[in-house]
Amino acid sequence: MLTTRILDGICHLTLTSAKSRNALSLELIRGLTKTLNEIHDDQSIRVVVLGAEGPAFCSGHNLKEMNAAREACEVNGHASKEAQELKQTFEECSKMMEKIINLNQPVIAKVNGVATAAGCQLVATCDLAYASPKSLFCTPGVNIGLFCTTPGVALGRAVGRKNAMHMLLTGDMVHAPEAADMGLINEVVEEDELDAHVNDAASLIASKSPTAIRIGKQAFYRQMDHNVHDAYNYGSTVMWQNIMAEDARHGIQAFLSKQPPKWQS
Amino acid sequence: MLTTRILDGICHLTLTSAKSRNALSLELIRGLTKTLNEIHDDQSIRVVVLGAEGPAFCSGHNLKEMNAAREACEVNGHASKEAQELKQTFEECSKMMEKIINLNQPVIAKVNGVATAAGCQLVATCDLAYASPKSLFCTPGVNIGLFCTTPGVALGRAVGRKNAMHMLLTGDMVHAPEAADMGLINEVVEEDELDAHVNDAASLIASKSPTAIRIGKQAFYRQMDHNVHDAYNYGSTVMWQNIMAEDARHGIQAFLSKQPPKWQS
Amino acid sequence: MLTTRILDGICHLTLTSAKSRNALSLELIRGLTKTLNEIHDDQSIRVVVLGAEGPAFCSGHNLKEMNAAREACEVNGHASKEAQELKQTFEECSKMMEKIINLNQPVIAKVNGVATAAGCQLVATCDLAYASPKSLFCTPGVNIGLFCTTPGVALGRAVGRKNAMHMLLTGDMVHAPEAADMGLINEVVEEDELDAHVNDAASLIASKSPTAIRIGKQAFYRQMDHNVHDAYNYGSTVMWQNIMAEDARHGIQAFLSKQPPKWQS
């Protein structure tokens with residue numbers, strides 16, 4: 001369902017349920033959340049690469065599971081265990097996306113296939129995303145009567161409103177180059193170069209000050225939710241706290257003496 | 001001034017005052033608002049196509065009307081009937097734009113000409129927009145001493161800040177391809193293919209679950225006004241309500257049994 | 001450190017510390033703030049062009065100064081004069097950026113070189129920006145353990161989140177064409193045409209109603225911090241105030257009688 005492999009400060013987190021197209025069952029959502037919580041507190045991990053096995057990066061929610069839960073709801077009522085689980089699936093999926101945003105480490109999506117619905121949301125949520133030319137992106141909830149509302153939270157903030165509405169209202173497939181144009185992914189990379197390209201990006205980030213990355217990633221998303229004035233008040237305080245940390249002391253001195261930095265954190 | 005033609009669930013709403021370049025007189029604003037309110041409650045309408053006759057899609061406010069009202073204000077004072085009407089023109093125009101955002105049905109702008117000031121705002125406000133290569137877009141209020149502040153509300157959220165400021169500060173005309181690049185429109189379509197292209201997009205959306213579209217369109221714009229955490233809390237609740245609706249039940253089952261859905265709503 | 005030259009309503013504000021790569025020392029931040037305050041109240045100035053001498057447009061904070069202040073902090077404590085000054089550097093730099101946003105006149109960045117960290121923030125903050133092909137942009141705080149959090153306030157609002165995160169997490173240099181694609185600058189202009197191009201843009205803006213520009217620039221950034229409904233309520237009120245001003249009266253009448261406007265303000 002999910003594997004992690006840590007190498008040189010990079011945690012390769014891979015979805016391995018190729019047969020179910022890496023659908024976000026409640027079990028997988030919980031597994032991902034648990035793994036992300038462990039990564040969050042692991043200071044040896046500098047950056048996370050989220051990849052997937054099989055032709056689909058992630059196909060979104062598990063519709064079979066949802067259908068069964070919904071049918072049980074109808075029999076047993078909205079207060080039933082099944083109803084609670086169905087509700088929790090949406091809530092826990094949203095919390096998992098928020099966990100990626102709030103994670104101490106940057107998360108890079110490595111996409112080599114189809115990313116659908118909550119799978120497309122996953123790509124939009126990651127800090128960075130690279131995809132092979134054959135990768136496709138869509139939010140097809142309108143086809144099954146279930147609008148991709150929560151995917152729209154991430155999508156609407158990653159791409160323009162007109163692009164988001166096109167994807168959400170039509171369910172159309174978007175090809176990788178168009179996804180790059182609209183800001184859903186950072187770059188299209190040839191399939192046989194994708195692993196190396198993502199590794200290079202991850203290694204580059206892993207070589208930077210972990211303290212600065214941790215402080216800065218958290219502050220970036222937080223200030224984006226403020227108005228500009230509050231964002232600057234908050235940001236100025238963060239800068240002051242950041243410069244008083246050991247990594248900034250060392251980093252600035254290394255820079256001034258033209259030495260490569262060696263981070264303590 | 002305004003015609004509506006309903007065909008296969010698509011409401012073709014057309015501005016017909018070619019001579020006045022479809023200027024948004026108070027009468028037209030009220031006519032559009034009334035028509036949009038009627039469409040909102042008409043469940044047979046799945047999607048709206050907003051088009052226009054003549055060389056101008058819409059030239060914004062009616063300056064002759066505004067000038068007359070302003071002169072009357074100077075004679076009769078700020079508490080006069082004319083002053084109230086002038087104030088109401090801005091307020092009702094803004095409410096009409098908000099009505100498009102909150103409309104149950106998606107609105108597609110079909111642009112084949114010049115869209116100026118509040119006319120450009122109209123394009124920016126629609127959920128989707130397609131334009132012919134000869135179409136032009138501008139917010140030229142600075143040329144008459146009346147900055148396009150309310151058009152800037154829609155423009156600033158559709159295109160980047162630098163693009164918006166370029167248009168607002170200079171009044172420069174933007175050509176259709178540039179408008180597509182900056183996210184003001186979805187796509188440039190050859191003039192002789194524009195009707196068919198927009199009809200195809202409208203028909204595609206009309207084939208989706210109306211319940212999902214109604215719930216999802218409203219939720220999209222609402223969550224975009226929240227911070228990410230509140231957006232997800234709200235979005236998760238909407239997903240739960242959406243999946244308990246009949247269309248989702250049917251849609252998911254149709255998908256799992258590989259049948260085309262037949263929406264009840 | 002800083003020169004101003006006023007010609008035909010255009011204030012050419014030039015950073016002249018080529019040797020220090022126009023680093024934003026506390027002295028320069030204060031000098032810029034003072035000059036901006038003076039420009040703000042000078043009705044003869046219609047637009048500001050912010051340029052720079054030397055190979056760097058602006059290299060961000062002065063790291064030597066910061067390092068010295070930080071070392072003094074460690075000796076003398078967080079309540080010491082040096083600690084206060086270090087804190088103030090961040091706060092006053094943010095206030096200077098906010099002053100550009102709130103300035104009565106539009107500010108155009110003319111970039112012909114490297115814009116780094118708070119220097120890149122300066123470009124992102126200006127209302128418009130034009131750059132020569134050799135210009136480079138980056139936010140390399142992660143290289144010295146000090147994440148570019150405050151630059152991220154401006155960057156995150158000018159470019160997409162994925163683009164901002166790429167720059168902030170990697171410190172990578174972005175070339176001018178890519179900066180234009182992502183919305184950090186308006187246009188790439190050949191180096192030998194840059195002065196003329198920026199002058200043309202500045203002259204165009206200087207020819208517009210100063211009252212409309214002042215009202216409209218302020219209103220634009222303010223409404224962008226509101227939700228859509230509040231933005232429209234606020235914007236409608238601004239439109240009403242704007243149309244009752246002398247420039248709008250004259251401008252609309254000039255337009256209707258096909259005469260070029262002559263602004264009183």
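Across identical copies of the chain, B:N37 has label-point separations of 5.2, 5.2 nm, listed in ascending order, with the point defined 7 angstrom from Cα along Cα→Cβ.
Calculation over all alpha carbon pairs of segment B:96-247 in 10 angstrom steps from 0 returns a P(r) of 11, 35, 33, 18, 4, 0 percent. Compactness of segment B:177-234 is given as radius of gyration and Dmax, 15.6, 45 Å, from Cα positions.
An ellipsoid equivalent to the protein assembly as shown, defined through the eigenvalues of its Cα gyration tensor, has semi-axes of 40, 40, 21 Å when rounded to whole angstrom and sorted largest first.
Give me the percent relative contact order of chain A, please, defined on Cα pairs under 8 angstrom at least 6 residues apart.
Details: 455 pairs, mean separation 41.7, N = 265.
Reported relative contact order: 16 percent.
Modelled this way, with points 7 Å down the Cα-to-C-beta line, the labels at B:L7 and C:E71 are 7.9 nm from one another. Shown for A:T16: label points 7 Å from Cα along the beta-carbon vector, and their distances to the equivalent points in the other copies, 6.7, 6.7 nm in ascending order.
Inter-copy label distances for B:Q84: 5.8, 5.8 nm (label point placed 7 Å from Cα along Cα→Cβ; shortest first). For chain B, taking the reciprocal of the average inverse distance between every pair of different Cα atoms yields a Kirkwood hydrodynamic radius of 19.6 Å. Given a 10 angstrom Cα cut-off, can you work out which residue in B:H166, B:H40, B:H229 is the most mobile in a GNM of chain B? Among B:H166, B:H40, B:H229, the largest GNM mean-square fluctuation belongs to B:H229. Average accessible surface for chain B: 38 Å² per residue, computed with a 1.4 Å probe over protein heavy atoms with every protein chain in place. For chain B, set up a Gaussian network in which alpha carbons nearer than 10 Å are linked by springs, and say which option among B:M224, B:M173, B:M66 fluctuates the most. Its mean-square fluctuation being the largest, the pick is B:M224. Leaving ligands and nucleic acids aside, the C/A contact buries around 4400 square angstrom of accessible area in total at a 1.4 Å probe radius. Taking the charge dipole of segment A:125-249 about its Cα centre, with +1 at Lys and Arg Cβ atoms and -1 at Asp and Glu Cβ atoms, the residue from A:N242, A:M182, A:S209 reaching farthest to the positive side is A:N242.
Which order do B:I185, B:I101 take by accessible area at a 1.4 Å probe, largest first? Present the calculation step by step, with values, prior to reporting the outcome.
Details: B:I185 5, B:I101 25 Å².
Accessible-area ranking of B:I185, B:I101, largest first: B:I101, B:I185.
P(r) tail for segment C:210-256: Cα pairs beyond 16 Å make up 41% of the total. The mean number of Cβ atoms from other chains found within 10 Å of a Cβ in peptide A:209-222 is 6, as a whole number.
Peptide C:151-158 is shielded by partner chain Cβ atoms: per residue, an average of 6 of them sit within 10 Å of its Cβ. Placing a label point 7 Å from the Cα of A:E193 along the Cα-to-Cβ direction, the residues of segment A:97-129 with a backbone N closer than 19 Å are A:109-113, A:129. Shielding of peptide C:179-191 by partners, expressed as the average count of other chain Cβ atoms within 10 Å per residue Cβ, is 2.
Taking Cα pairs under 8 Å and at least six residues apart, what relative contact order does segment B:143-231 come out at, in percent?
Working: 30 pairs, mean separation 14.2, N = 89.
Computed over segment B:143-231, the figure is 16 percent.
Under a 5 Å amide H cut-off, with hydrogens placed 1.01 Å from N, C:H61 pairs with C:L24, C:A118, C:G119 among residues at least 5 apart or on other chains. Under 14 Å from a label point set 7 Å out along the Cα-to-Cβ vector of B:Q241, the amide N atoms of segment A:147-181 belong to A:147, A:149-150.
What number, rounded to the nearest 500 deg cm²/dmol, is the helix-based mean residue ellipticity at 222 nm of the protein assembly as shown, given -39500 (n - 2.57) per DSSP H run of at least four residues and division by all its residues?
Details: 33 runs with 426 residues, N = 795.
Taken over the protein assembly as shown, the calculation gives -17000 deg cm²/dmol.
The values are calculated or read from the model by the stated rules, or taken from the named source; none is laboratory data. Please read these numbers as outputs of a predicted model, since none were measured by experiment. Cβ sites come from the backbone with ideal geometry, for glycine too, and all protein chains shown count toward neighbours. What goes into the accessible areas is simple: the full protein's heavy atoms, side chains included, and nothing from ligands, DNA or RNA. Shrake-Rupley method; radii C 1.70, N 1.55, O 1.52, S 1.80 Å.
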